[in-house]
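The values are calculated or read from the model by the stated rules, or taken from the named source; none is laboratory data. Everything quoted here is computed from the prediction, not taken from an experiment. Here the Cβ is made from the backbone with ideal geometry for all residues, glycine too, and neighbour counts use every protein chain on show.
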Amino acid sequence: MKKTVLLLMMMTFAWMAKAEDGHQLWLRYQPVNKAKVTGPECMAAQELKTYYQGESVHLVIDPAMEEDAYRIKVKEEKGKKVKEISAKNEIGLLYGAYELLRRQGDRETGSQDITSKPFYKLRILNHWDNLNGTIERGYAGLSIFWKGKEGGKTRRGHTIFVEDPDQPIDVELIKEYARANASIGINGTVLNNVNASPKMLSAVYINKVKQYADILRPYGIKVYLSVNFASPMTIPAKGFNGGKPVKTADPLNAQVKAWWKAKAKEIYAVIPDFGGFLVKANSEGQPGPFDYKRTHADGANMLADAVKPFGGIIMWRSFVYGAAHPGEDRVKQAVSEFKDLDGKFRDNVILQSKNGPLDFQPREPYAPIFDNIHQTKQMAELQITQEYLGQSRHLVYLAPMWREFFGFVEPSRLVGIAGVANIGLDRNWCGHHFSQANWYAFGRLAWDPTLTSEQIAQEWLVSTFGPAGDSSRLTGDRFLSGCNASANNLTGTCPLSGLLSVMLRSREACVDYMMPIGLHHIFAFDEHYGPEPDGYNPHVPYEWCPVYYHQANKDSIGFDRTHTGSNATAQYREPYCQLYDDINTCPERYLLWFHRVPWTYRLKSGRTVLEEMAFHYDRGVKEVEDFIRVWNEAKPFIDDQRWQEVDARLQHQLDNAKEWRSTCLNYFGSFTRP
Ligand code: GCV
């Protein structure tokens with residue numbers, strides 16, 4: 001008897017722990033198996049039958065509607081309210097079903113009709129996953145797509161992974177991944193790192209990609225691949241030259257063109273809706289058209305011609321430096337390389353550019369490439385994985401940063417959005433429970449870039465920590481109590497509003513303790529975690545060294561990018577060109593990004609540069625202290641495992657923020673001390 005009770009207790013605890021380990025993401029619906037759903041038997045019907053708490057839903061296919069759009073109507077039938085979701089096809093119905101589920105409960109809009117269509121056709125995750133299972137800038141474990149096997153140890157005792165295409169696919173996990181993406185409208189995924197192995201295009205891996213495409217298709221997700229520009233030199237293409245590779249990767253070479261056409265045919269034969277290729281060329285050591293004195297347009301167009309007959313696209317990255325314009329201010333090089341090529345790209349080529357001109361810093365001015373390209377399609381690349389924003393160890397909600405970007409680059413100037421994923425094999429997918437919010441926010445903004453950071457955070461908080469059914473009802477109801485959580489309008493004091501405030505302040509806090517007044521790229525080498533302001537290594541490119549960016553000496557600090565310096569300001573449209581160029585009008589948040597100032601320079605606050613830096617470092621640290629206070633207050637309302645895991649990370653974040661403060665003030669202070 002005792003044993004049975006013990007076993008039951010253990011099973012209950014195991015179940016509870018499992019239910020709240022974060023694996024369910026924002027989809028913590030509990031099965032109610034209540035709603036009567038009419039219409040096509042499809043994924044939307046299944047989701048609603050299982051999880052919708054209302055009585056009945058009609059699903060209607062309406063061919064006149066736009067791709068991916070949906071309409072939700074509320075009808076009266078026999079005195080009861082019935083929902084009707086219409087869409088062009090089953091994917092639109094699925095998006096509508098998730099909207100309905102998102103709104104059920106407290107936030108349901110009652111009798112209001114809803115129509116929605118995605119702003120962007122291309123809403124794509126970029127996985128920087130390597131074929132051996134590791135992830136470049138991945139902070140949540142190994143890849144969910146590629147699994148390697150152990151191939152020894154490094155001198156420091158780390159496991160070395162080698163590729164192993166024979167490893168089976170985790171079908172259930174990939175379905176969960178697909179469902180999560182579909183629930184926020186993501187409709188494409190690039191399965192491998194932009195630093196791409198040519199092997200990605202070998203027959204054995206194409207077969208794996210086909211398996212992924214088959215799993216993802218019912219969720220409306222297309223697969224894309226990053227390709228290595230030199231692939232024809234090592235990998236055979238089916239039906240080409242008896243399986244022999246080519247001796248060159250020159251994009252104007254007839255054999256190279258034929259190889260890519262054969263490769264495209266080979267891929268589309270098994271994946272008819274394959275999306276296309278993403279390319280990093282002539283950047284950070286990757287091969288590309290410059291190797292043959294050809295242009296980016298020559299390279300991109302050659303690939304575009306290969307996939308065009310099948311409806312594929314080429315996403316060509318503008319993140320280039322060092323190859324064609326060595327020595328030039330790194331933030332200028334994208335414009336230098338691409339401006340004159342504008343209009344020379346095929347119509348199925350899209351130029352994909354990071355939001356800022358450098359590299360995903362906590363705050364960058366927008367990338368001026370968006371001002372300089374007018375005839376070529378453009379996409380923005382946002383980074384969900386927090387390479388320079390505390391990785392999976394800091395709570396930093398990124399929607400405010402992305403919304404800031406859209407304040408400078410009109411969403412309508414872009415045809416799509418790519419997000420570098422933060423997903424790995426960790427049980428909670430993203431390492432930090434709050435990093436899930438960034439995946440969520442990316443999808444929601446790709447669907448509708450006008451959503452506010454606050455709206456998105458609120459949605460995410462309610463679905464991630466709010467009432468979810470039996471397992472969390474005890475804590476969940478109290479989580480919301482005291483809040484006036486009527487649709488999109490949170491007022492009152494409750495754990496939810498405290499956490500909302502933390503999320504909304506978190507990015508600015510990170511800027512404060514990592515890069516006050518425009519200091520940038522002073523992160524520890526390689527790892528990009530923690531400060532290394534004195535970083536200098538003569539054996540790596542100078543633009544990888546922190547000292548290149550702050551240029552501090554005993555008199556001054558900052559990078560002069562005005563007309564008296566590198567003249568990067570000239571790449572901006574007006575009014576930003578003038579605004580940034582003139583120290584009197586340049587926003588102080590970008591001061592040391594654009595200007596070089598003496599240590600005696602006083603900011604609007606009356607403080608000197610070093611005093612102002614100290615002020616920001618302090619403010620950042622205090623903010624994290626306050627985040628911990630709020631998290632402590634929220635403890636009674638949050639399930640234990642997730643509370644503990646977030647708490648441990650917040651404590652670490654505080655230590656790290658303090659380390660930034662002491663290291664940087666010590667280092668920069670040394671220039672001003674007599
Ligand atoms: C995929 C930065 C990162 C690299 C990344 C590169 C890129 O340099 O540190 O890890 O490589 O950007 O975006 O291509």
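Listed by first and then second residue, the pairs linking a residue in region 597-620 that is among the β-branched types (V, I, T) to a residue that is in a loop (DSSP other than H, G, I, E, B), with Cβ atoms under 6 Å apart and 6 or more places separating them unless they lie on different chains, are V597/G558; V609/W599; V609/Y601.
Which members of region 361-377 meet the condition of being within 16 Å of the ligand (Cβ to nearest atom) and out of contact with any His (no Cβ under 9 Å at 6 or more places or on another chain)? Across region 361-377, the qualifying residues are A367, I369.
When L445, L414 are checked against the criterion of being over 16 Å from the mean Cα position of the chain (by Cα) and modelled with pLDDT of 95 or more, a single residue qualifies: L414.
The residue pairs whose first member lies in region 414-427 and is within 16 Å of G185 (Cβ to Cβ) and touching a residue at least 60 places away in the same chain (Cβ under 8 Å), whose second member is among the polar types (S, T, N, Q) and within 14 Å of the ligand (Cβ to nearest atom), and whose beta carbons are closer than 8 Å, counting only pairs six or more residues apart or on different chains, are A418/N126; A418/Q352; G419/N126; G419/Q383; A421/N126; A421/T385. Counting only residues that are within 11 Å of the ligand (Cβ to nearest atom) and either over 22 Å from G188 (Cβ atoms) or crowded, with 19+ Cβ neighbours inside 10 Å (or both), region 130-143 holds 3 of them.
Counting the residues of region 406-420 that are within 16 Å of the ligand (Cβ to nearest atom) and out of contact with any strand residue (DSSP E or B) (no Cβ under 6 Å at 6 or more places or on another chain) gives 0. Whether any residue in region 314-336 is buried (at least 21 other Cβ atoms within 10 Å of the Cβ), closer than 25 Å to G275 by Cβ, polar (S, T, N, Q) and at pLDDT 95 or above is what I want to check. Yes, that holds for at least one residue. Among the residues making up region 565-598, those that are assigned to a loop (DSSP other than H, G, I, E, B) and more than 26 Å from P546 (Cβ to Cβ) are R573, E574, P575, D582, N584, T585.
The residues listed here are A437, A457, A380; of these, the one that is crowded, with 24+ Cβ neighbours inside 10 Å, under 30 Å from N656 (Cβ atoms) and within 16 Å of the ligand (Cβ to nearest atom) is A380. All conditions but one from (1) charged (D, E, K, R); (2) within 26 Å of the chain's Cα centre (by Cα); (3) within 17 Å of E543 (Cα to Cα) apply to K377; the one that does not is (3).
For Y617, are the conditions met, namely being among the aromatic types (F, W, Y), surrounded by 14 or more Cβ atoms within 10 Å (Cβ to Cβ) and touching a Leu at 6+ places or on another chain (Cβ under 7 Å)? Criteria met by Y617. Selection over region 631-674 of residues that are surrounded by 15 or more Cβ atoms within 10 Å (Cβ to Cβ), farther than 30 Å from K604 by Cβ and not polar (S, T, N, Q) gives a count of 12. Here Y529 fits the description: closer than 29 Å to N438 by Cα, surrounded by fewer than 19 Cβ atoms within 10 Å (Cβ to Cβ) and within 16 Å of the ligand (Cβ to nearest atom). Against the test of being in a strand (DSSP E or B), surrounded by fewer than 19 Cβ atoms within 10 Å (Cβ to Cβ) and not β-branched (V, I, T), the options G157, G151 yield a single qualifying residue, G151. If you go through region 31-52 and keep only what is basic (K, R) and surrounded by 14 or more Cβ atoms within 10 Å (Cβ to Cβ), you end up with K34, K49.
Among the candidates N228, N207, single out the residue that is in contact with a strand residue (DSSP E or B) (Cβ under 9 Å, 6 or more places away or on another chain) and modelled with pLDDT of 95 or more. Just a single option satisfies the conditions, and that option is N228.
For region 508-515, does any single residue satisfy the condition of being among the acidic types (D, E) and within 16 Å of the ligand (Cβ to nearest atom)? No; the residues of region 508-515 include none that is among the acidic types (D, E) and within 16 Å of the ligand (Cβ to nearest atom).
For every residue, the table says whether it meets (1) surrounded by fewer than 19 Cβ atoms within 10 Å (Cβ to Cβ); (2) within 15 Å of the ligand (Cβ to nearest atom).
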| residue | (1), (2) |
| --- | --- |
| F145 | no, no |
| P165 | yes, no |
| Y177 | no, no |
| A182 | no, no |
| L191 | no, yes |
| S197 | no, yes |
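Have a look at E47, E108, E76 and point out the one that is more than 21 Å from the chain's Cα centre (by Cα), closer than 30 Å to D639 by Cβ and modelled with pLDDT under 95. Result: E108 is the single residue among E47, E108, E76 that is more than 21 Å from the chain's Cα centre (by Cα), closer than 30 Å to D639 by Cβ and modelled with pLDDT under 95. The residues of region 199-224 that are within 16 Å of the ligand (Cβ to nearest atom) and either farther than 22 Å from E176 by Cβ or assigned to a helix (DSSP H, G or I) (or both) amount to a single one, M200. One residue stands out in region 162-188 among those that are assigned to a loop (DSSP other than H, G, I, E, B) and among the acidic types (D, E): the one that is nearest to M43 (Cα to Cα), namely D170. Exactly one residue out of Y548, Y536, Y529, Y513 is out of contact with any Gly (no Cβ under 7 Å at 6 or more places or on another chain) and outside any loop (DSSP other than H, G, I, E, B): that is Y548.
Of the helices (runs of 4 or more DSSP H) lying entirely inside region 247-358, the ones with 1 or more residues being within 16 Å of the ligand (Cβ to nearest atom) are found at 296-307, 333-338. K554 passes every criterion in (1) more than 19 Å from Y590 (Cβ to Cβ); (2) of a type outside the set (D, E); (3) within 16 Å of the ligand (Cβ to nearest atom); (4) in contact (Cβ under 8 Å) with a residue 24 or more places away in the chain apart from (3). Restricting the first member to region 134-153 and to residues that are at positive phi, and the second to residues that are within 16 Å of the ligand (Cβ to nearest atom) and of a type outside the set (F, W, Y), the beta-carbon pairs closer than 7 Å and six or more apart or on different chains are R137/T385; R137/E387; G141/G424.
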